[in-house]
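S.K.: First the structure, then my questions, so here it is.
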Amino acid sequence: VERLKASLADEQAKVATAGDASEEQTGKFAELVKDRDSIQALLDDATAQGKEGAEEVERLKASLAEEQAKLAKAGSQLADQGVELDTCKAELSEASATLEKTQLEREAVSEKLAVVEAEYRTFKAVSNGKSSAELADQLNKLVELEGDRASQLAKLQAAEGSAEASKSFVASLREQVVDLKQKVAKADALRRKLHNELQELKGNIRVFARVRPGGGEERSVVAVDDEVGSVVVPHNNAPAAFKFDRAFSPRATQEEVFDEVSNFVQSALDGFNVSLFAYGQTGSGKTH
(Lines give C-alpha, C1' and ligand atoms only; values in the text may rest on other atoms or scores of the structure.)
Protein backbone atom coordinates (compact mmCIF):
# COMPACT_ATOMS: atom_id res chain seq x y z
CA VAL A 1 0.00 0.00 0.00
CA GLU A 2 2.82 2.39 0.85
CA ARG A 3 4.43 1.60 -2.46
CA LEU A 4 1.18 2.38 -4.29
CA LYS A 5 0.77 5.64 -2.36
CA ALA A 6 4.29 6.67 -3.33
CA SER A 7 3.61 5.81 -6.98
CA LEU A 8 0.36 7.79 -6.87
CA ALA A 9 2.20 10.81 -5.42
CA ASP A 10 4.79 10.59 -8.22
CA GLU A 11 2.07 10.48 -10.87
CA GLN A 12 0.28 13.46 -9.28
CA ALA A 13 3.56 15.42 -9.30
CA LYS A 14 4.07 14.55 -13.00
CA VAL A 15 0.50 15.68 -13.79
CA ALA A 16 1.11 19.01 -11.98
CA THR A 17 4.37 19.49 -13.88
CA ALA A 18 2.65 18.71 -17.21
CA GLY A 19 -0.11 21.21 -16.35
CA ASP A 20 2.46 23.93 -15.69
CA ALA A 21 4.19 23.14 -19.01
CA SER A 22 0.85 23.22 -20.80
CA GLU A 23 0.05 26.64 -19.34
CA GLU A 24 3.49 27.90 -20.41
CA GLN A 25 2.96 26.57 -23.95
CA THR A 26 -0.51 28.14 -24.04
CA GLY A 27 1.01 31.53 -23.06
CA LYS A 28 3.70 31.24 -25.76
CA PHE A 29 1.04 30.32 -28.30
CA ALA A 30 -1.04 33.35 -27.34
CA GLU A 31 2.04 35.57 -27.72
CA LEU A 32 2.74 34.09 -31.17
CA VAL A 33 -0.88 34.71 -32.22
CA LYS A 34 -0.58 38.30 -31.00
CA ASP A 35 2.69 38.79 -32.93
CA ARG A 36 1.09 37.29 -36.02
CA ASP A 37 -1.86 39.71 -35.78
CA SER A 38 0.54 42.69 -35.37
CA ILE A 39 2.57 41.65 -38.40
CA GLN A 40 -0.62 41.13 -40.43
CA ALA A 41 -1.80 44.65 -39.47
CA LEU A 42 1.57 46.12 -40.52
CA LEU A 43 1.36 44.19 -43.78
CA ASP A 44 -2.16 45.50 -44.44
CA ASP A 45 -1.00 49.09 -43.74
CA ALA A 46 1.99 48.66 -46.05
CA THR A 47 -0.24 47.22 -48.78
CA ALA A 48 -2.66 50.15 -48.47
CA GLN A 49 0.18 52.67 -48.58
CA GLY A 50 1.62 50.90 -51.61
CA LYS A 51 -1.72 51.16 -53.40
CA GLU A 52 -1.97 54.86 -52.52
CA GLY A 53 1.61 55.42 -53.70
CA ALA A 54 0.87 53.61 -56.98
CA GLU A 55 -2.22 55.77 -57.52
CA GLU A 56 -0.17 58.91 -56.79
CA VAL A 57 2.51 57.77 -59.27
CA GLU A 58 -0.11 57.19 -61.96
CA ARG A 59 -1.61 60.64 -61.29
CA LEU A 60 1.82 62.26 -61.55
CA LYS A 61 2.54 60.34 -64.76
CA ALA A 62 -0.73 61.62 -66.24
CA SER A 63 0.09 65.20 -65.16
CA LEU A 64 3.58 64.82 -66.60
CA ALA A 65 2.22 63.61 -69.94
CA GLU A 66 -0.24 66.51 -70.05
CA GLU A 67 2.49 69.08 -69.29
CA GLN A 68 4.75 67.53 -71.94
CA ALA A 69 1.95 67.80 -74.50
CA LYS A 70 1.38 71.46 -73.56
CA LEU A 71 5.10 72.16 -73.82
CA ALA A 72 5.32 70.51 -77.24
CA LYS A 73 2.32 72.52 -78.46
CA ALA A 74 3.82 75.78 -77.17
CA GLY A 75 7.13 74.95 -78.87
CA SER A 76 5.33 74.27 -82.16
CA GLN A 77 3.42 77.56 -81.93
CA LEU A 78 6.64 79.41 -81.14
CA ALA A 79 8.35 77.88 -84.19
CA ASP A 80 5.40 78.78 -86.46
CA GLN A 81 5.34 82.36 -85.19
CA GLY A 82 9.11 82.59 -85.70
CA VAL A 83 8.69 81.54 -89.35
CA GLU A 84 5.86 84.06 -89.79
CA LEU A 85 8.01 86.78 -88.23
CA ASP A 86 10.89 86.02 -90.60
CA THR A 87 8.48 86.17 -93.55
CA CYS A 88 7.13 89.56 -92.46
CA LYS A 89 10.66 90.86 -92.00
CA ALA A 90 11.54 89.75 -95.54
CA GLU A 91 8.39 91.41 -96.92
CA LEU A 92 9.17 94.57 -94.95
CA SER A 93 12.68 94.66 -96.37
CA GLU A 94 11.33 94.15 -99.90
CA ALA A 95 8.68 96.85 -99.42
CA SER A 96 11.31 99.27 -98.09
CA ALA A 97 13.47 98.62 -101.14
CA THR A 98 10.45 99.19 -103.42
CA LEU A 99 9.61 102.43 -101.61
CA GLU A 100 13.18 103.68 -101.96
CA LYS A 101 13.17 102.82 -105.67
CA THR A 102 9.81 104.61 -106.14
CA GLN A 103 11.12 107.71 -104.40
CA LEU A 104 14.17 107.76 -106.67
CA GLU A 105 11.93 107.45 -109.75
CA ARG A 106 9.74 110.25 -108.41
CA GLU A 107 12.76 112.51 -107.97
CA ALA A 108 13.95 111.70 -111.51
CA VAL A 109 10.50 112.45 -112.97
CA SER A 110 10.31 115.71 -111.01
CA GLU A 111 13.69 116.80 -112.35
CA LYS A 112 12.68 115.93 -115.92
CA LEU A 113 9.37 117.77 -115.51
CA ALA A 114 11.24 120.82 -114.27
CA VAL A 115 13.46 120.72 -117.36
CA VAL A 116 10.40 120.45 -119.64
CA GLU A 117 8.68 123.38 -117.91
CA ALA A 118 11.85 125.46 -118.23
CA GLU A 119 12.07 124.69 -121.95
CA TYR A 120 8.41 125.58 -122.33
CA ARG A 121 8.88 128.94 -120.61
CA THR A 122 11.95 129.62 -122.77
CA PHE A 123 9.99 128.82 -125.92
CA LYS A 124 7.19 131.19 -124.98
CA ALA A 125 9.68 133.94 -124.26
CA VAL A 126 11.45 133.67 -127.62
CA SER A 127 8.35 133.06 -129.77
CA ASN A 128 7.46 136.79 -129.98
CA GLY A 129 8.52 138.41 -133.30
CA LYS A 130 9.08 135.14 -135.19
CA SER A 131 7.81 134.38 -138.71
CA SER A 132 4.86 132.05 -139.42
CA ALA A 133 7.14 129.15 -140.40
CA GLU A 134 9.23 129.62 -137.31
CA LEU A 135 6.08 129.91 -135.20
CA ALA A 136 4.70 126.71 -136.75
CA ASP A 137 7.94 124.94 -136.05
CA GLN A 138 7.98 126.29 -132.52
CA LEU A 139 4.31 125.30 -132.13
CA ASN A 140 5.12 121.72 -133.10
CA LYS A 141 7.90 121.73 -130.56
CA LEU A 142 5.48 123.20 -128.05
CA VAL A 143 2.98 120.40 -128.71
CA GLU A 144 5.74 117.84 -128.27
CA LEU A 145 6.84 119.50 -125.06
CA GLU A 146 3.28 119.63 -123.77
CA GLY A 147 2.84 115.92 -124.56
CA ASP A 148 6.15 115.12 -122.89
CA ARG A 149 5.18 117.29 -119.93
CA ALA A 150 1.79 115.50 -119.62
CA SER A 151 3.51 112.10 -119.84
CA GLN A 152 6.05 113.02 -117.19
CA LEU A 153 3.32 114.47 -114.97
CA ALA A 154 1.33 111.23 -115.27
CA LYS A 155 4.43 109.23 -114.34
CA LEU A 156 5.02 111.53 -111.38
CA GLN A 157 1.45 111.06 -110.14
CA ALA A 158 1.73 107.30 -110.61
CA ALA A 159 5.00 107.31 -108.67
CA GLU A 160 3.41 109.34 -105.88
CA GLY A 161 0.48 106.90 -105.73
CA SER A 162 2.87 103.94 -105.67
CA ALA A 163 4.90 105.63 -102.93
CA GLU A 164 1.79 106.17 -100.80
CA ALA A 165 0.72 102.55 -101.31
CA SER A 166 4.22 101.37 -100.39
CA LYS A 167 4.18 103.53 -97.26
CA SER A 168 0.84 102.03 -96.22
CA PHE A 169 2.12 98.53 -96.90
CA VAL A 170 5.31 99.17 -94.94
CA ALA A 171 3.30 100.57 -92.01
CA SER A 172 1.07 97.49 -92.08
CA LEU A 173 4.10 95.18 -92.13
CA ARG A 174 5.66 97.05 -89.22
CA GLU A 175 2.47 96.60 -87.20
CA GLN A 176 2.50 92.89 -88.04
CA VAL A 177 6.15 92.62 -86.95
CA VAL A 178 5.38 94.32 -83.62
CA ASP A 179 2.35 92.03 -83.10
CA LEU A 180 4.38 88.92 -83.94
CA LYS A 181 7.18 89.98 -81.59
CA GLN A 182 4.64 90.30 -78.80
CA LYS A 183 3.19 86.87 -79.63
CA VAL A 184 6.68 85.34 -79.71
CA ALA A 185 7.45 86.89 -76.30
CA LYS A 186 4.19 85.52 -74.84
CA ALA A 187 4.80 82.07 -76.35
CA ASP A 188 8.36 82.01 -74.99
CA ALA A 189 7.10 83.01 -71.53
CA LEU A 190 4.49 80.21 -71.70
CA ARG A 191 7.18 77.74 -72.78
CA ARG A 192 9.37 78.72 -69.84
CA LYS A 193 6.44 78.36 -67.41
CA LEU A 194 5.43 74.93 -68.76
CA HIS A 195 9.04 73.75 -68.83
CA ASN A 196 9.51 74.77 -65.19
CA GLU A 197 6.26 73.05 -64.16
CA LEU A 198 7.39 69.92 -66.02
CA GLN A 199 10.68 69.87 -64.11
CA GLU A 200 8.81 70.33 -60.80
CA LEU A 201 6.55 67.38 -61.64
CA LYS A 202 9.60 65.23 -62.34
CA GLY A 203 11.10 66.32 -59.01
CA ASN A 204 13.22 69.29 -58.00
CA ILE A 205 15.82 66.94 -56.52
CA ARG A 206 16.75 63.90 -58.59
CA VAL A 207 19.40 61.24 -58.05
CA PHE A 208 20.85 59.34 -61.00
CA ALA A 209 23.23 56.38 -60.91
CA ARG A 210 25.58 55.43 -63.72
CA VAL A 211 27.43 52.11 -63.67
CA ARG A 212 30.73 52.21 -65.49
CA PRO A 213 31.96 49.23 -67.54
CA GLY A 214 33.65 46.64 -65.34
CA GLY A 215 36.44 45.70 -67.72
CA GLY A 216 38.60 42.84 -66.47
CA GLU A 217 38.05 43.53 -62.77
CA GLU A 218 35.47 41.79 -60.65
CA ARG A 219 32.02 43.23 -61.10
CA SER A 220 30.49 44.75 -57.95
CA VAL A 221 27.08 45.34 -59.59
CA VAL A 222 24.78 42.40 -60.17
CA ALA A 223 22.12 44.03 -62.38
CA VAL A 224 20.87 47.42 -63.62
CA ASP A 225 17.23 48.07 -64.60
CA ASP A 226 17.09 51.19 -66.82
CA GLU A 227 13.29 51.39 -66.87
CA VAL A 228 12.70 50.97 -63.12
CA GLY A 229 15.88 52.83 -62.13
CA SER A 230 17.26 50.16 -59.80
CA VAL A 231 20.80 48.92 -59.20
CA VAL A 232 21.37 45.52 -57.56
CA VAL A 233 24.64 44.94 -55.67
CA PRO A 234 25.83 42.04 -53.47
CA HIS A 235 25.47 42.59 -49.72
CA ASN A 236 26.17 39.94 -47.06
CA ASN A 237 26.16 37.19 -49.70
CA ALA A 238 22.70 38.30 -50.92
CA PRO A 239 21.54 40.77 -53.62
CA ALA A 240 20.41 44.21 -52.40
CA ALA A 241 18.46 46.59 -54.69
CA PHE A 242 18.76 50.38 -54.56
CA LYS A 243 16.20 52.62 -56.28
CA PHE A 244 17.11 55.87 -58.13
CA ASP A 245 15.24 58.37 -60.30
CA ARG A 246 17.20 56.99 -63.25
CA ALA A 247 19.86 54.30 -63.58
CA PHE A 248 22.29 54.09 -66.52
CA SER A 249 23.79 50.72 -67.37
CA PRO A 250 27.40 50.30 -68.54
CA ARG A 251 26.04 50.32 -72.12
CA ALA A 252 24.57 53.85 -71.75
CA THR A 253 26.16 56.50 -74.00
CA GLN A 254 27.09 60.10 -73.28
CA GLU A 255 24.17 61.20 -75.49
CA GLU A 256 21.69 59.29 -73.32
CA VAL A 257 23.04 60.89 -70.15
CA PHE A 258 22.99 64.37 -71.66
CA ASP A 259 19.46 63.85 -72.99
CA GLU A 260 18.34 63.16 -69.40
CA VAL A 261 19.96 66.32 -67.97
CA SER A 262 19.50 68.64 -70.96
CA ASN A 263 16.26 69.96 -69.43
CA PHE A 264 18.32 71.28 -66.51
CA VAL A 265 20.49 73.18 -68.99
CA GLN A 266 17.37 74.71 -70.55
CA SER A 267 16.10 75.71 -67.09
CA ALA A 268 19.43 77.43 -66.40
CA LEU A 269 19.17 79.30 -69.73
CA ASP A 270 15.64 80.35 -68.74
CA GLY A 271 17.01 81.98 -65.58
CA PHE A 272 16.36 79.32 -62.92
CA ASN A 273 18.95 78.17 -60.38
CA VAL A 274 20.25 74.71 -61.27
CA SER A 275 22.93 72.55 -59.63
CA LEU A 276 24.45 69.41 -61.15
CA PHE A 277 27.23 67.53 -59.40
CA ALA A 278 28.82 64.09 -59.69
CA TYR A 279 29.56 62.04 -56.57
CA GLY A 280 31.73 58.97 -56.32
CA GLN A 281 35.00 57.63 -55.09
CA THR A 282 38.34 58.41 -56.78
CA GLY A 283 38.64 56.65 -60.10
CA SER A 284 34.93 55.92 -60.44
CA GLY A 285 34.63 57.97 -63.65
CA LYS A 286 33.05 61.25 -62.45
CA THR A 287 34.88 63.34 -65.06
CA HIS A 288 33.82 61.00 -67.83
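S.K.: Under a straight-distance cross-link criterion of Cα-Cα below 16 Å, which aspartates and glutamates are reachable from Lys89, leaving out those fewer than 8 residues away in the same chain?
M.R.: Asp80, Glu175, Asp179
S.K.: Taking chymotrypsin sites (Phe, Trp or Tyr not before Pro) that fall in a DSSP loop and have at most 11 other Cβ atoms within 10 Å as cut points, what is the longest piece of the chain between them?
M.R.: In short, 1-276.
S.K.: Report the residue, chosen from Ala114, Ala41, Ala154, that carries the largest GNM mean-square fluctuation when the chain is represented by alpha-carbon nodes joined by springs under 10 Å.
M.R.: Among Ala114, Ala41, Ala154, the largest GNM mean-square fluctuation belongs to Ala41.
S.K.: Beyond a 18 Å Cα-Cα separation, which of these cross-linked pairs lie in this structure: Lys70/Lys243; Lys61/Lys186; Lys101/Lys155?
M.R.: In this structure, Lys70/Lys243; Lys61/Lys186 exceed 18 Å between Cα atoms.
S.K.: Might you tell me the accessible area per residue for the chain, computed with a 1.4 Å probe and given in Å²?
M.R.: Counting only protein heavy atoms, the per-residue value for the chain is 73 Å².
S.K.: Any chance you could give the angle, 0 to 90 degrees and rounded to 10, that helix 254-269 forms with the longest Cα principal axis of the chain?
M.R.: Between the helix axis and the principal axis of the chain, the angle is about 60 degrees.
S.K.: Suppose only helical runs count, i.e. DSSP H with n ≥ 4. What mean residue ellipticity at 222 nm does that imply for the chain under -39500 (n - 2.57) per run, divided by all residues and rounded to the nearest 500 deg cm²/dmol?
M.R.: After summing the helix terms and dividing by the residues of the chain, the value is -28000 deg cm²/dmol.
S.K.: From Cα pairs below 8 angstrom and at least 6 apart in sequence, can you work out the relative contact order of the chain, rounded to a whole percent?
M.R.: Averaging sequence separation for qualifying contacts and normalising by length gives 16 percent for the chain.
S.K.: Picking from Gly161, Gly271, Gly27, which is most flexible by a Gaussian network model of the chain using Cα springs under 10 Å?
M.R.: Sorting by GNM fluctuation, first place goes to Gly27.
S.K.: Give, as a single signed number, the net charge of other residues whose beta carbon lies under 12 Å from the beta carbon of Lys70, with Lys and Arg counted +1 and Asp and Glu -1.
M.R.: Spelling it out: positives minus negatives among the neighbours equals 0.
S.K.: Another one. Once you have all Cα-Cα distances for the chain, histogram them in 10 Å bins from zero and send the whole-percent values.
M.R.: Pair shares across the bins are 5, 12, 12, 11, 10, 9, 8, 7, 7, 5, 4, 3, 2, 1, 1, 1, 1, 0, 0, 0.
S.K.: If you don't mind, there's one more thing I want to ask. Would you check the accessible area of Lys34, probe 1.4 Å, heavy atoms only, in square angstrom rounded to 10?
M.R.: 140
S.K.: Hey, in the GNM for the chain with a 10 angstrom Cα cutoff, which one of Val143, Val178, Val83 fluctuates hardest?
M.R.: Val143
S.K.: When the solvent-accessible surface of protein heavy atoms is calculated with a 1.4 angstrom probe, in what order do His195, His235 fall, highest first?
M.R.: Greatest to least solvent exposure: His235, His195.
S.K.: Okay, next question. Net charge near Gly285: determine it from the other residues with C-beta under 12 Å of the C-beta of Gly285, scoring Lys and Arg +1 and Asp and Glu -1.
M.R.: +3
S.K.: Please give the net charge around Leu173, taking every other residue with its beta carbon less than 10 angstrom from that of Leu173, where Lys and Arg add +1 and Asp and Glu add -1.
M.R.: Net charge in that neighbourhood comes out at -1.
S.K.: Moving on to the next point. What's the angle, to the nearest 10 degrees (0 to 90), between helix 2-126's Cα axis and the longest principal axis of the chain?
M.R.: Orientation of helix 2-126: about 0 degrees from the principal axis.
S.K.: What's the longest uninterrupted piece of the chain once you rule out the GluC sites (Glu not before Pro) that are loop residues per DSSP with at most 13 other Cβ within 10 Å?
M.R.: 1-216
S.K.: Let me ask something else. Note down the nm distance, to one decimal, between modelled labels 7 Å out along Cα→Cβ at Gln254 and at Val83.
M.R.: The answer from the label model is 3.3 nm.
S.K.: Separate question: Considering only Val83, Ala163, Leu180, whose Cα is most displaced toward the positive end of the charge dipole of the chain, charges sitting on Cβ of Lys, Arg (+1) and Asp, Glu (-1)?
M.R.: The residue sitting most towards the positive pole is Ala163.
The values are calculated or read from the model by the stated rules, or taken from the named source; none is laboratory data. A quick note: this is a predicted structure, and the numbers were derived from the prediction, not measured. All Cβ positions, even for glycine, are placed from backbone atoms using ideal geometry, and neighbour counts span all protein chains on display. With ligands, DNA and RNA removed, areas are computed over all heavy atoms of the protein, side chains included. Shrake-Rupley method; radii C 1.70, N 1.55, O 1.52, S 1.80 Å.
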